[in-house]
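The values are calculated or read from the model by the stated rules, or taken from the named source; none is laboratory data. This one's a predicted model, so the numbers in the text were calculated from it and none came from an experiment. Positions of Cβ are generated from backbone atoms using ideal geometry, with glycine treated the same way; all protein chains shown enter the neighbour counts. Accessible surface areas use protein heavy atoms only, side chains included; no ligands, DNA or RNA. Shrake-Rupley method; radii C 1.70, N 1.55, O 1.52, S 1.80 Å.
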Amino acid sequence: MQEKTDSKQEIGQKKTDVLLQVEGLKTYFYMEQDKVAKAVDDVSFTLKKGETLALVGESGSGKSITSLSLMRLIPSPPGKIIEGSIKLDGTDLLSLSEKDMRKVRGNDIGMIFQEPMTSLNPVYTIGNQIAETLMKHKKLKKKEAYKRAVELLKLVGFARAEQIVHEYPHQLSGGMRQRAMIAMALSCDPKLLIADEPTTALDVTIQTQILDLMVEMKEKFESSILLITHDLGVVAEVADRVLVMYGGQIVEEATAYELYTNPQHPYTVGLLNSIPNLESDVERLESIKGTVPPAHRFPKGCRFAPRCKHVMDKCYEANPDLLEKDSNHKVRCYLYEE
Amino acid sequence: MHKYIIRRILQFIPMLFLITIVVFALAKAAPGDVLSGERLDPNIPAEVYDMRREALGLNDHITVQYWNWLSSVATGDLGTSMQYTGRSVAELINARVMNTVYLSLFALGVTLAFAIPIGIYSATRKYSLFDYGATTFAFLGLATPNFFAGLLAIYVFGFMLGWFPSQGTVSTVGLSGMELFLDKLKHLVLPGFTLGLASTASYMRYMRTEILEVKGSDFIRTAKAKGLSNHSVLYKHTLRNALLPIITLLGLEFGTLLSGAIITERVFSYPGLGQLFLTSVQNRDYPVIMAINLILAITILIGNLLADIFYAVVDPRIRYD
């Protein structure tokens with residue numbers, strides 16, 4: 001751990017290095033009656049080393065499927081990654097054999113899930129579940145793996161880590177379980193930590209603790225975070241850069257600061273307006289009318305058009321491209337095309 | 001854990017007491033008594049019957065009869081059989097109980113040995129040819145009554161193919177050691193498989209369903225995200241959770257096996273408790289009926305107790321409440 005704290009400078013340098021490069025990713029689900037759900041439809045983005053990238057969107061926007069695609073854990077059938085490339089540190093994950101991919105999961109990419117209550121196996125101890133990953137990837141002996149598990153639990157803030165390793169998930173609270181999940185995801189020192197709605201199921205007071213812990217751990221482990229959430233409040237707290245997803249596509253991409261101060265896409269504006277603000281005195285919160293269309297029935301043209309306030313005729317004709325507005329801002333909307 | 005087991009054993013005692021009441025009441029509620037059959041003889045005057053009833057205590061108040069029965073059962077005296085005059089119930093049961101135990105254990109072994117692996121294999125290859133085959137077999141097995149399966153087994157494997165004996169527990173007297181063991185085992189095959197058939201079929205389905213259900217859980221996704229092999233995802237993370245409901249069902253299985261044994265033993269002329277029970281019912285031999293009922297009830301209670309204890313061993317969530 002010590003060597004990592006004095007390598008802060010190195011992290012600054014690494015920021016320019018690309019860790020994850022996703023290009024043209026398409027994950028489709030083949031359903032009954034020949035319906036095809038385009039859950040992820042031509043998604044491209046990069047994640048730099050040391051960066052926290054947030055993937056934001058409503059339920060059904062394709063953000064979780066994107067993260068599961070990165071792990072190649074799409075339930076198949078019916079799901080299938082049909083196109084694109086996912087490069088982690090130069091290795092194309094989609095071309096790996098299943099066996100090699102298993103060496104990536106849990107080792108190069110750690111993952112935290114939404115429901116800490118159900119994401120841990122109820123019949124094994126916390127220690128067993130952390131040690132298992134270490135024994136698998138780091139080839140540690142059982143005893144060493146448990147020792148390391150205790151260290152990891154201490155690191156994520158368990159004062160009585162020696163007891164916790166012998167406890168079962170049901171003996172811990174939701175926040176504690178999520179801490180244990182973080183310890184587990186970080187156990188093999190992954191390059192990338194994917195957190196799929198890590199705080200959604202937690203109390204608001206615990207949410208901040210967990211987010212702070214994730215960021216702290218990211219620094220300590222020199223890792224990067226891909227944070228999937230529907231909560232823009234969470235994003236503001238931790239993210240460097242934000243991708244807004246709608247209908248299986250990225251509709252806006254910007255640095256967190258830029259996105260909050262200068263949102264462009266009507267969907268992003270709608271999302272930001274639906275966050276309660278304590279300073280302004282509004283009677284009713286704004287909401288975006290309607291729901292995300294099901295992924296097998298996207299409208300022709302812009303997928304957001306039926307819900308958009310600024311909809312124009314041409315929005316119904318063809319889907320706009322994701323265009324670069326300036327160097328750190330991209331948007332998919334005809335309002336900003338000349 | 002110890003507290004839990006002790007508490008469960010303590011709950012056992014009032015249950016046992018209630019069972020004795022039910023067993024006794026059922027026997028008393030049935031019409032007629034052991035003398036009913038003989039009453040048809042017109043040469044015996046009615047007073048003789050009354051004397052015999054008085055001697056047997058059948059004219060006492062029902063609570064007195066219950067108390068007499070309960071106190072003798074508590075001291076291990078199960079009474080005297082009425083059909084086999086003069087022989088004690090304990091003696092009749094002792095001569096047969098082990099045969100039924102062997103038969104039930106054999107059937108249970110068949111169930112576990114087939115149902116669990118086939119269920120797992122079916123679930124991991126859902127909608128494959130194997131899965132469809134297993135499902136078809138399961139429904140056939142469930143739909144075939146015990147006695148019919150037994151007759152079929154006797155006809156095909158006993159009579160046509162002649163592979164296994166279809167009657168009794170031993171071929172000849174005078175066998176000993178390994179020879180005796182193998183001979184007994186051979187005699188167990190047909191009744192054992194017959195008795196285990198329905199359970200095998202249903203447990204296969206339970207196992208398949210449970211595995212499929214657990215496979216969809218969040219913690220299985222976590223296990224996969226940790227990069228574990230399919231083998232450890234299935235046998236470590238899925239199987240143990242999928243077995244939990246099976247354990248509960250196995251506790252109840254003791255009862256199913258013993259009641260199934262009554263019919264199976266009859267079909268295979270297998271001298272066990274089931275056969276004794278049937279003849280006792282036909283002859284209104286209430287002391288024997290009550291004793292066997294009591295044994296069945298206690299076996300089921302013990303089965304449930306074992307299931308609860310085993311469940312607590314496997315599922316940590318049970319232990320501490």
- Query: Hey, how many Å between the Cα centroid of the stretch A:149-200 and the Cα centroid of the stretch B:193-247?
  - Reply: 26
- Item | Table column - 3J(HN,Hα) (Hz), the stretch B:141-155, Karplus curve with 6.51, -1.76, 1.60, x for Gly and Pro | x, 6, 7, 8, x, 3, 5, 6, 4, x, 4, 4, 5, 4, 5
- Query: Using 1/(1 + (r/R0)^6) with R0 = 51 angstrom and r between the beta carbons of A:GLU324 and B:PHE137, what's the FRET efficiency to the nearest 0.05?
  - Reply: 0.25
- Query: Under 14 Å from the 7 Å Cα→Cβ point of A:MET312, by amide nitrogen: which residues of the stretch A:232-273?
  - Reply: A:266
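So which of A:LYS26/A:LYS87; A:LYS38/A:LYS63; A:LYS80/A:LYS289; A:LYS48/A:LYS218 end up more than 20 Å apart, counting from Cα to Cα? All intermediate terms of the calculation are to be shown ahead of the outcome.
Working: A:LYS26/A:LYS87 15 Å; A:LYS38/A:LYS63 12 Å; A:LYS80/A:LYS289 31 Å; A:LYS48/A:LYS218 13 Å.
Beyond 20 Å: A:LYS80/A:LYS289.
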- Measuring from centroid to centroid over Cα atoms, what is the spacing of the stretch A:75-126 and the stretch A:219-241 in Å? 19
- Message: Charges on Cβ only, +1 for Lys and Arg, -1 for Asp and Glu, centred on the Cα centroid of chain A; of A:GLY90, A:PHE298, A:VAL165, which one is farthest towards the dipole's positive end?
- Response: A:VAL165
- Message: If the elastic network links every pair of Cα atoms under 10 Å, which of A:ASP189, A:ASP89, A:ASP108 fluctuates the most in the Gaussian network model of chain A?
- Response: A:ASP89
- Query: Semi-axes of the stretch A:171-210's equivalent ellipsoid from the Cα gyration tensor, sqrt of 5 times each eigenvalue, largest first, rounded to whole Å?
  - Reply: 19, 12, 7
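Taking only protein heavy atoms into account and a 1.4 Å probe, give the accessible area per residue of chain B in Å². Please report the intermediate quantities before stating the final value.
Working: 16950 Å² over 321 residues.
Ligands and nucleic acids excluded, the figure is 53 Å² per residue.
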- Rounded to 0.05, the calculated FRET efficiency for the beta carbons of B:ALA46 and B:TRP67 at R₀ = 22 Å is 0.20
- Listed residues A:GLY79, A:GLY106, B:PHE130: farthest to the positive end of the dipole of the protein assembly as shown (Cβ charges): B:PHE130
- Query: Under a point-charge model restricted to the Cβ atoms of Lys and Arg (+1) and Asp and Glu (-1), what is the dipole moment magnitude of the stretch B:1-138 relative to its Cα centre, in debye to the nearest 20?
  - Reply: 940
- Item | Accessible-area composition of chain A, carbon plus sulfur, in percent [1.4 Å probe] | 49
- Note on the structure: In the stretch B:96-319 the accessible area split gives carbon plus sulfur, as whole percent at 1.4 Å, a share of 70
- Sort A:THR205, A:THR118 by accessible area with a 1.4 Å probe, largest first. A:THR205, A:THR118
- Message: Could you identify which residue out of A:VAL292, A:VAL40, A:VAL204 has the top mean-square fluctuation in a GNM of chain A using Cα springs shorter than 10 Å?
- Response: A:VAL204
- Note on the structure: Phi angles of the stretch B:53-58, converted by Karplus (6.51 cos²θ - 1.76 cosθ + 1.60, θ = phi - 60°) into ³J(HN,Hα) in whole Hz with x for Gly and Pro, give 4, 4, 5, 7, x, 6
- Please list, in chain and number order, the residues 5+ apart from B:THR80 or on another chain whose amide H is under 5 Å from its amide H, with Hs placed from the backbone. B:VAL89
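Relative contact order for chain B: what percent, with Cα pairs under 8 Å and sequence separation of 6 or more? Mind showing how you got there, number by number?
Details: 325 pairs, mean separation 83.5, N = 321.
Answer for chain B is 26 percent.
Rounded, prolate or oblate: which one fits the stretch A:197-338, using the alpha carbon gyration tensor with axes a ≥ b ≥ c (rounded when a/c is under 1.5, else prolate when a/b beats b/c, else oblate)? Walk me through the numbers before you get to the answer.
Details: a/c = 1.90, a/b = 1.55, b/c = 1.23.
Here the stretch A:197-338 falls in the prolate category.
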- Note on the structure: Per the C-alpha gyration tensor (a ≥ b ≥ c, the square roots of its eigenvalues), the stretch A:74-148 is rounded if a/c is under 1.5, else prolate if a/b beats b/c, else oblate; here it's oblate
- Putting +1 on Lys and Arg Cβ atoms and -1 on Asp and Glu Cβ atoms, find which of B:SER259, B:ASN230, B:ALA307 reaches farthest to the positive end of the dipole of the stretch B:202-321. B:ASN230
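Rounded to the nearest 20 Debye, what is the dipole magnitude of the protein assembly as shown about its Cα centre when Lys and Arg each give +1 and Asp and Glu each give -1 at the C-beta? It would help to have the intermediate numbers written out before the result.
Details: 69 positive and 69 negative charges, 287 e Å.
With Lys and Arg at +1 and Asp and Glu at -1, about 1380 debye.
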- Message: Which residues belonging to the stretch A:103-132 lose at least 20 Å² of 1.4 Å-probe accessible area when the assembly is complete, relative to their chain isolated?
- Response: A:ARG105, A:PHE113, A:THR118, A:SER119, A:ASN121, A:PRO122, A:VAL123, A:TYR124, A:GLU132
- Message: Suppose every Lys and Arg Cβ carries +1 and every Asp and Glu Cβ carries -1, with no other charges. What dipole size does the stretch B:96-319 come out with about its Cα centre, to the nearest 20 debye?
- Response: 700
- Item | Reference-scaled alpha-carbon Rg (2.2 N^0.38 Å with N residues) for the stretch B:96-319 | 1.16
- Task: Enumerate lysine pairs in the stretch B:96-319 that are 8 or more residues apart or on different chains, then count those whose Cα atoms are under 23 Å apart.
- Result: 8
- Query: Ignoring ligands, DNA and RNA, how much accessible area is buried between chains A and B, both sides summed, with a 1.4 Å probe, to the nearest 100 Å²?
  - Reply: 2200
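With contacts defined as alpha carbon pairs under 8 Å and 6 or more residues apart, what's the relative contact order of chain A in percent?
Answer for chain A is 20 percent.
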